[in-house]
Structures are given as structure tokens and as C-alpha cells.
Amino acid sequence: MLCQHCKQNEATTHIRRVINGAAQEYHLCAACAKEAGIAAQFAAPEFGFQLSDLFSGFLGSSLRGQSLPAPPRCELCGSSLDEIIRGGRVGCARCYETFAEQLQPTLQRIHGVLKHTGKTPETDPAVARRKQKEQEIARLREEIAAAVQAEDYEQAARLRDKIKTLEEGGESNA
Amino acid sequence: MHSYEKWYAQKGAQGDVVLSTRVRLARNLADMPFSAKLDPQGKENVAHEIREAAKNLPLAQKAIGAMRWIDMAELPQLAAVSMAEQRLVSAAFARQEPGTALLLRDDRRVSVMLCEEDHLRIQAYSPGLALDETWAMADEIDTALGGSLDYAFDERLGYLTQCPTNLGTAMRASVLLHLPALETLDRVGRLAESISKLGLTIRGAFGEGSGAEGSLFQLSNQVTLGISERQALDNLQAITSQIAEQERRARKELLQRPEWENKVWRAYGILRYARLLDSGDAIKLLSLARLGAAGGILPIEIETLNALMTDIQPATLCLAKQVTEADQRDRARAEMIRENLEE
């Protein structure tokens, strides 16, 4: 078996780690294992390395020599790339966008192909209905604005009632 | 209380080998920091948003209306640990971090941990091998909640999770297997190797490190990105059936040996008459008794043993037997087992 990380040398270090019931396996060559900090962890008096350490080890090594400057902090949660690397945890959904380029090589190493093929919120009928409703309401709001602009207040009132019906969970017959 | 009322006591499909099935989905809200970045107030806000969302949707109301809302911090510690022993919550969640909450269906076959590692961890359980049914239960709750919540989702990466290893479907489906014969014949290690090549993983369900307390193993899918839920479930179903078949053959081989027939009967004898049993001893003996019962040697129902394997765990035992002192536990445990094995 080839090392998952460098894909060049024979993997000699095999790690299996279970976190919250989810097991992960890593097969690394000696050099990559050392780079990911595993050798040091095994030597520690207490055997207790975290998957996050491994993740951060990977991330750290894949970032070395990278010249792309990372955005300093995620706007939503305030995480810096450095914090994500050290903690081995992503701060929020936005971080995946903010640090997309920096995270990509690591995600590829964990998962292989980055192509989701499972369930999506969009295919959920309930979500689809909600999104449709939201779009409908947004469209009606624009029409109201246009009606007010044209001083057609009757039409605006009709549209407002329609929005009310929609928001109360009823179906629009528009 | 009759032990059969508990879902984990029931004998489901392939119940001689497969104790139970669990499907877990991780979900997060798009506009909130993940759990680790939230203080207790932030966690409460997330829980509140989810609770409100659940109220506003007819579909969610139907699915979730029958669920109880539990503020973890307000739960007595024993009750929280007992939930972990019953596998309703993770061990980490049983630590009752401030701000965390649990949605629990009355029959305890669906639970939603709020602000565990992810904002939502939807879990569904069934006795025996029942991946389709269990998936459908988790999927229903997910769809219901997703109808009024904005889930963190990316077209390429799937459901976004705090730990990048869960990206994609963010689904872990697992089966709890009783493999005393394969373990005795030293075949689990080899099994684990070939299983990992198929995108699955097997580990001891209880106990630390490589030891599997009571010969109970958990087999689950490992790959979550680039594979659909359906594929992962089908894969797990096929491998589970194969392992169960191997275990049955190994059991036959084992139970033909006189020393093993003796072992099983001795375990039964100790379980029926012992006055003190610690949990390690008890689980070993119950595992042997389960092997004997499934093989038609011992006059015990599998359901009784399934229930006991969970109910003798420390916190669950203390709650059931109203025991407070640790040194009374072994006596209470032996008593509980005797009561259940009376002829």
C-alpha cells in the first residue's frame, strides 16, 4: 500500500482513530508520519493523539511552501487559518469558502474525489417548498415597490394580502 | 417494567448476530459558528432557533411533536450517563456541557443531539439489521427540520461539518454485532483489514483500545464524500450479512467443542446464582450466555440478554435499582441478572 500523503513510498505507519463513533484510517510512510507529528505523539508518555492533530499535521505540511496568502480571518466566526490548523476543526460553514484554496488539498487527501453525490437540501421537497415560497414573497415585495412607485395603492394592498397569506402558510393562487 | 418494551432488547432481523442498527446524520446551520466556536449562550441560541423552526412547520411538528425536549444541563448526571450507556447520546454529550440540549422521541428510537460536535446530530435506532427502516426514520426528521432551517451545504462538499472527515452525506450508519466466535477464532483482525478496503470500519463497541467488551463490535461506513447514502447503506447491508454468516459458521464450529459447551453452561450457572458481579465479569458471562442461547443450548431468550447487556451498565443499573453507593452496585447487578434469568 502506498502512503496516502505522498503517494510515493510504501506506507509503514497505520493509524486507526475513532472519534464519536466515526473511525478514520491513515496509511503513511515513515517520512510523512513524522511530518504529521505522529512519531512524536507515539513517543509521548500518554498515548492520546487526536485526529485533529493528524488533520492539522496534514494541513500544516500541505501549506508549507504555499505562496498564496490566506485571508486573515473568517468574517462569520473570526477563525484564522492558523486556528483551524492548530485545532483541526473548521470554525463555521463560511470558513470552507473563505479558506477554500488552503483547505482543498487536505480535503482531497481525506476524501479523494470532492464530489458530493448524496442527499441535498434542494432535493428535499420541504426545502424546495420553503425556497419557492421565499422567492415568491421576494418577487411580490418587488411588485409592491413598483406598485407604490406607480401610486397604484389598491394593487399594493392586494399584493400585501397575498404575502400575508403566504407567510401564514397558505398557498398563493397567483 | 418488562424488558421487551425497550427497543434495544428486541430481537430484529438477523438478531442472533446483529443487536441493533443506528443511522446518524450531522447537520449545521449555515449562518452560525460551529459548536466548538460557541459559548453556552451561543449554543442556547442555536438550540432555540432549531426549536422554533420545528414549531413552525407542519411536517416537522408531525415528526418532532412526539419528541421530548431535554436541557442536558438540567438532567441528573446518572440519567445523562445512562443515556450514553443506551447509546442514545455520545459519551462526550453525556458530560452535559452548558447550552446543549436533546430531542428524544418517547420510544427512544430517535434522538437529536443539539450542539454536540455539530449543531444537529440526528440519530435513529432499530433492533436487528434494519438499515432501510432506520435510515428512513433519520431521513424523515432531517427533511422535516431542513424544511425550516438553513443547513450549511455546499454542492461539491455536501453537508458542511465541523470535522472535515464527515463532509458529504455526513452520515454514519452502523450495526452493533455480537461476534464471540469470530473473536475467539481470532478472525476479527483479518476481517477488519478486508473491510477497510471496502470503505467500512469495525471496532470494539465498548471498552478502551483494541479490546471488545462482551465481543460486541460496531461496523460502520467510513466514506461519506463521493458516495450516496443509498450506496453506503447497501454496502453495509451486504457486508453485515456476510459477517453474520461467517459468525454463524464459526459458532457452530465452536459449540461442537465440549469445552465450549461447558463454558457456556458454566456462564449460565454463575449468572443464575452469583451474589456479586462487577460489570466486566457480567458482560463477559452474558456474552457467553448469548452465544449459548443463540446456539439453542441455553434455555434463555435472546431478548433477555440483549436487555441485560445494556441494563447492567453502571449508571443504568443504579437508576433501575435505586443504588447510590458504588459498593452496592455489584450486588444489585447480580440480583438484577438473577431476577431476569429465573426459570
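The values are calculated or read from the model by the stated rules, or taken from the named source; none is laboratory data. Not measured: the values here are computed from a predicted model. Heads up, the Cβs are rebuilt from the backbone with ideal geometry, glycines too, and the neighbour counts pull from every protein chain shown.
For the structure I just gave you, tell me whether residue B:124 is more than 8 Å from chain A (Cβ to nearest Cβ) and in contact with a Phe, Trp or Tyr (Cβ under 7 Å, 6 or more places away or on another chain).
For residue B:124, the condition - more than 8 Å from chain A (Cβ to nearest Cβ) and in contact with a Phe, Trp or Tyr (Cβ under 7 Å, 6 or more places away or on another chain) - is not met.
Tell me, yes or no, whether region B:219-241 has at least one residue that is within 19 Å of residue B:127 (Cα to Cα), of a type outside the set (Val, Ile, Thr) and either more than 22 Å from the chain's Cα centre (by Cα) or at pLDDT below 90 (or both).
No, the conditions are met nowhere in region B:219-241.
Looking at (1) at pLDDT 85 or above; (2) at the interface with chain B (Cβ under 10 Å from one of its Cβ atoms), which is the one condition that is false for residue A:148?
(2)
Would you check if there is a residue in region A:76-99 being closer than 29 Å to residue B:144 by Cβ, at pLDDT 90 or above and surrounded by fewer than 18 Cβ atoms within 10 Å (Cβ to Cβ)?
Yes, some residue in region A:76-99 is closer than 29 Å to residue B:144 by Cβ, at pLDDT 90 or above and surrounded by fewer than 18 Cβ atoms within 10 Å (Cβ to Cβ).
Residue A:113 fails exactly one of the following numbered conditions: (1) in a loop (DSSP other than H, G, I, E, B); (2) modelled with pLDDT under 90; (3) crowded, with 17+ Cβ neighbours inside 10 Å; (4) not acidic (Asp, Glu). What is the number of that condition?
Unmet for residue A:113, out of (1) in a loop (DSSP other than H, G, I, E, B); (2) modelled with pLDDT under 90; (3) crowded, with 17+ Cβ neighbours inside 10 Å; (4) not acidic (Asp, Glu): (3).
So which residues in region B:201-235 are in a helix (DSSP H, G or I), away from chain A (no Cβ under 11 Å), touching a helix residue (DSSP H, G or I) at 6+ places or on another chain (Cβ under 6 Å) and buried (at least 17 other Cβ atoms within 10 Å of the Cβ), if there are any at all?
Of everything in region B:201-235, those that are in a helix (DSSP H, G or I), away from chain A (no Cβ under 11 Å), touching a helix residue (DSSP H, G or I) at 6+ places or on another chain (Cβ under 6 Å) and buried (at least 17 other Cβ atoms within 10 Å of the Cβ) turn out to be B:214, B:215.
Among the listed residues B:17, B:46, identify the single one that is at pLDDT 90 or above and closer than 27 Å to residue B:133 by Cα.
Exactly one of B:17, B:46 is at pLDDT 90 or above and closer than 27 Å to residue B:133 by Cα, namely B:17.
I'd like the full set of residues that are away from every other protein chain (no Cβ under 14 Å), assigned to a loop (DSSP other than H, G, I, E, B) and buried (at least 22 other Cβ atoms within 10 Å of the Cβ), limited to region B:1-43.
B:17, the sole residue that qualifies.
Given the structure, is residue B:238 free of Cβ contacts under 8 Å to residues at least 24 places away in the same chain and of a type in the set (A, V, I, L, M)?
Against the criterion (free of Cβ contacts under 8 Å to residues at least 24 places away in the same chain and of a type in the set (A, V, I, L, M)), residue B:238 qualifies.
Which is modelled with pLDDT under 85, loosely packed, with under 15 Cβ neighbours inside 10 Å and either among the aromatic types (Phe, Trp, Tyr) or assigned to a helix (DSSP H, G or I) (or both), of A:122, A:142, A:154?
Result: A:122 is the single residue among A:122, A:142, A:154 that is modelled with pLDDT under 85, loosely packed, with under 15 Cβ neighbours inside 10 Å and either among the aromatic types (Phe, Trp, Tyr) or assigned to a helix (DSSP H, G or I) (or both).
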